[in-house]
1. Mind checking whether some residue in segment 7-22 is exposed (fewer than 11 other Cβ atoms within 10 Å of the Cβ) and either modelled with pLDDT of 85 or more or among the charged types (D, E, K, R) (or both)?
2. Does any residue of segment 44-58 turn out to be at pLDDT below 90 and in a loop (DSSP other than H, G, I, E, B)?
3. Within segment 105-150, which residues are surrounded by 14 or more Cβ atoms within 10 Å (Cβ to Cβ), farther than 23 Å from LEU173 by Cα and not small (Gly, Ala, Ser)?
4. Find the residue count for segment 169-185, including only residues that are at pLDDT below 80 and within 40 Å of the chain's Cα centre (by Cα).
5. Can you tell which of VAL25, VAL34, VAL80 is in contact with a Cys (Cβ under 7 Å, 6 or more places away or on another chain), surrounded by 10 or more Cβ atoms within 10 Å (Cβ to Cβ) and modelled with pLDDT of 85 or more?
6. When you check LEU66 against the structure, is it farther than 16 Å from ALA14 by Cα and not acidic (Asp, Glu), yes or no?
Amino acid sequence: MQIPIVTPSNDEKALETLYQRHMPVLLLFISRYVSTREDAEDVLLEVFIAAFERRNLVDLSDGEQLAWLRRVAHNKCVDVYRRTPRQPVVPLEKVIESVYEEEERAPEQIVLRSEEYALVYGHVENLYEEQQTLLRLRFSHSLRSPEIAKRLNKSEGAVRKLLSRTLNALRHLYEKSEEGDCEDE
């Protein structure tokens, strides 16, 4: 039994030449309109299938061939756009980054943080009025020790010392309440 030898026809050779000549330009053109390289390669394949189906394409000049191929590529890109849902494609790296950024916005984290804030605010209310004023100026108004000293008519050293003692007292109250919570469990 003899195996028939299949030789490409002149049309197939011409189509191969057409592919080799215009493939890089068309792939670049298509890549601008689709989201992934794989999609661009699929569209390119569809374009050359359409070219294979049009028999008289090889009879056109190079400029006319490229114009026809670009028009078909554009139409195929439009088809891809119409078929895909209108959801943006996000690279996996960005998703992983946003997971860690978004974790602090999770409902559980927000509730825990608000409980911590309420606890700290409760402890601040237990401090002397002068200590509360000092904390408000430092952290709410973002003033530095020299600016606070001018407002309170105190020396900068006195303000620093009072701020340090106030923060230590607040830390002590907070740690004491944390110990009490551990004993309750």
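The values are calculated or read from the model by the stated rules, or taken from the named source; none is laboratory data. All values reported here derive from a predicted model rather than from experimental measurement. Counting neighbours? That spans all protein chains shown, and the Cβs are built from the backbone with ideal geometry, glycine included.
1. Yes, some residue in segment 7-22 is exposed (fewer than 11 other Cβ atoms within 10 Å of the Cβ) and either modelled with pLDDT of 85 or more or among the charged types (D, E, K, R) (or both).
2. Checked segment 44-58: at least one residue is at pLDDT below 90 and in a loop (DSSP other than H, G, I, E, B).
3. LEU143, GLU147, ILE148, listed by residue number.
4. Looking only at that region, the number is 3.
5. Matching residue, one of VAL25, VAL34, VAL80: VAL34.
6. No.
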